[in-house]
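Derivation of every value follows stated rules applied to the coordinates shown; laboratory data play no part. The structure displayed is predicted, hence computed values, not measured ones. Here Cβ is always computed from backbone atoms with ideal geometry, including for glycine, and neighbour counts include all displayed protein chains.
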Amino acid sequence: MNLRKLYYLMLIIPLFFFYTGCSDDETVDPPVAVNEAEVLVKYLEANGDAVSTFGPMITAADVFGAIGSDGLTVIDIRTAAEYNDGHIEGAVNVLEADVLGYYETNGLESKTTVVIACVTGQTAGFVSALLRLSGKTNTFDLKWGMCSWNEATAVAWTGVMNAGKTSDFVTTATAKPAAGDLLTLDTGESDGADILSARIADVAAGGFAAAAITNETVFINPANYFIINYWADAHYSLGHIEGAIQYTPGECMGLEQDLKTIATDKEVVVYCYTGQTSAHIVAYLKVLGYDAKSLKYGVNDMNYEWATANGMTHFSTDYVENYALVTTP
């Protein structure tokens, strides 16, 4: 080896040991795994406990009494054709998927009351729940939807006051399973607010159509579903869908209550009396990642007369008002 090569070699060797030493001294901590679902639930429970505020329905009478007030905004999410055939005075027609953006763009947080109106109240219940999860606590869904506004818009409810499933109800209780884990969310976010924003956007894009199911479908094979009976225990004891498990409204969906008993390996079906409250809860469960469905029209479309006789919430033509429908924007 000539002197020139030896000289360069002597220069390189110290550098090699220097970089090797630095590499050995540095330790890189592995990334911390974030349980997004748990972070999200804890965030929601710490910031208004949105689930306990579900059920923010408003009657047609209360809406009618506020027409003309600067504090009222009515967002009609029916089709353009339905809106054009007749709507509440001053209502604006907005696509279901665009409601959150419309709310924020138009500064509706300054309003006293923002009403979401649909045909039956169920889609509006789903949308208003997403709004409330977003912190929009001045939002309400019109009880019974436009079916309560005028007899001309009541057909959707009067056609589903049925009693065909009386013989399919049982009184045998099914116990809740042991608590397990929440589902795995993968938004890529670590902050509760950011996870929530990502999840709401995803669920809103799917809309209520992806979150609804009929009793005809469920009764083909109820065992295929994890069925939640969202009634008081006293009513559950009178009769329910076979295999359905009772979860008490307003008390059961907390992280320290029964949330972790809900199955993560089955399609979850929630049913209530009318389908409007179950739409609220399904919106929440879908935000948490569950494959959840709201049973359309609830018990009113299964055992209407039985439900009525036992004091359960039910639609009635007595609830249909005769308020004017307007056809101008």
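In order along region 129-144, the Karplus-derived 3J(HN,Hα) couplings, from 6.51 cos²θ - 1.76 cosθ + 1.60 at θ = phi - 60°, round to 5, 5, 5, 5, 4, 7, x, 8, 7, 9, 9, 9, 9, 5, 4, 6 Hz, and Gly and Pro are given as x.
Applying both filters, DSSP loop and at most 12 other Cβ atoms within 10 Å, to the GluC sites (Glu not before Pro) of region 60-127 eliminates every site. For Ala201, what is the net charge nearby, where nearby means another residue's Cβ is under 13 Å from its Cβ and Lys, Arg count +1, Asp, Glu -1? Result for the neighbourhood of Ala201: -3. With the charge dipole of region 36-159 set up from +1 on Lys and Arg Cβ and -1 on Asp and Glu Cβ about the Cα centre, the Cα lying farthest toward the positive end among the listed residues Ser128, Met146, Ala46 is that of Ala46.
Only beta bridges with both residues in the chain are counted; by DSSP, about 10 percent of them are antiparallel. Just to confirm the number: angle between the C-alpha axis of helix 3-25 and the first principal axis of the chain, 0 to 90 degrees, nearest 10? Result, in degrees: 40. Taking a straight Cα-Cα cut-off under 27 Å and skipping sequence neighbours fewer than 8 places away in the same chain, the lysines within cross-link reach of Lys286 are Lys42, Lys136, Lys143, Lys176, Lys260, Lys266, Lys296.
Roughly how tilted is helix 36-46, in degrees to the nearest 10 and between 0 and 90, from the longest Cα axis of the chain? In the chain, helix 36-46 runs at an angle near 60 degrees to the longest axis.
Taking mean projected area of the Cα convex hull in nm² straight from the coordinates, which label in (i) 19.3; (ii) 25.7; (iii) 18.0 is the correct one? Derived directly from the coordinates: (ii).
Counting beta carbons within 10 Å around each of Met302, Met161, Met57 and listing the fewest first gives the order Met161, Met57, Met302. Relative to the longest principal axis of the Cα atoms of the chain, the long axis of helix 276-287 lies at roughly 10 degrees.
Bridge orientation summary for region 166-309: considering DSSP beta bridges with both residues in this region, about 15 percent are antiparallel.
Its residue count N sets the reference 2.2 N^0.38 Å, and the alpha-carbon radius of gyration of region 261-329 equals 1.46 times that reference. A cut-off of 5 Å between modelled amide H atoms, ignoring neighbours fewer than 5 places along the same chain, links Ala292 with Val268.
Scanning residues 5 or more positions from Gly121 or on other chains, those with amide H under 5 Å from its amide H are Gly145, Met146, with H placed 1.01 Å from N in the peptide plane.
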